[in-house]
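Worksheet: one structure, shown below.
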Amino acid sequence: TDVDYVDHFVWVAMDSDEVAIGGASYVRSHANEEQADISFSIADEYQGRGLGGLLLGALAIAARHHGISRFTADVLHENRPMRAILDRARIEWEPADGAVLHGIVEVPDPSAFGITPDTAQALDHRVLTGPGLRVDAFGGVGHLAHEGRHVAIGFDDRHRRGGRADEDRQVAVDE
């Protein structure tokens, strides 16, 4: 699926050295346009620091803007950190195939995941204006600093400009 920032939306977190440290996406369901499947990937050294929750809050902003009211997720039963983030959103789990749990949840309030009102406004503005210039405002992420580097999330349009395969993603830089 191509990232179009409506039916398939991606946020990527990068440190101040522009190294990707995590990302989250949603893909709208073809069967139910108010529902989207979400997925996350967080670098090992940033796990347990709140980045997954911040990315969930950012996804919630984009999803609400595009008329999505429910998220679904498939998570390995053993992935307790991801389950804990989604439990905070009040996801309802049911067994799926093997060691996988399937969950469905109303799109959560971004503030429940550390998104301040100013940050929510900046992210919503970026969703409204679409890919282009990098996001340069993402407050309240100092606790995610790693080895003196700060973290921010956002995206740009490298994939629309024919970037190399390893650049074919949305990126962000810190303030």
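The figures follow:
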read-out	value
Equivalent ellipsoid semi-axes, segment 1-63, via Cα gyration tensor eigenvalues times 5, rooted, Å	23, 12, 9
Dipole of segment 1-111 [Lys/Arg +1, Asp/Glu -1 at C-beta], most positive-end residue of LEU86, VAL27, SER111	SER111
Rounded to the nearest 10 Å², the accessible area of PHE40 at probe 1.4 Å	50
Taking all pairs of distinct alpha-carbon atoms in segment 62-135, Kirkwood radius in angstrom	13.9
Mean shadow area of segment 1-134 over all directions, Cα convex hull, nm²	8.4
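The values are calculated or read from the model by the stated rules, or taken from the named source; none is laboratory data. Only a predicted model underlies this, so the values are computations on that prediction, with no experimental measurement involved. In this analysis, Cβ positions are derived from the backbone assuming ideal geometry, glycine residues included, and neighbour counts consider all displayed protein chains. Side chains are part of the model used for accessible areas, which takes the heavy atoms of the whole protein and leaves out ligands, DNA and RNA. Shrake-Rupley method; radii C 1.70, N 1.55, O 1.52, S 1.80 Å.
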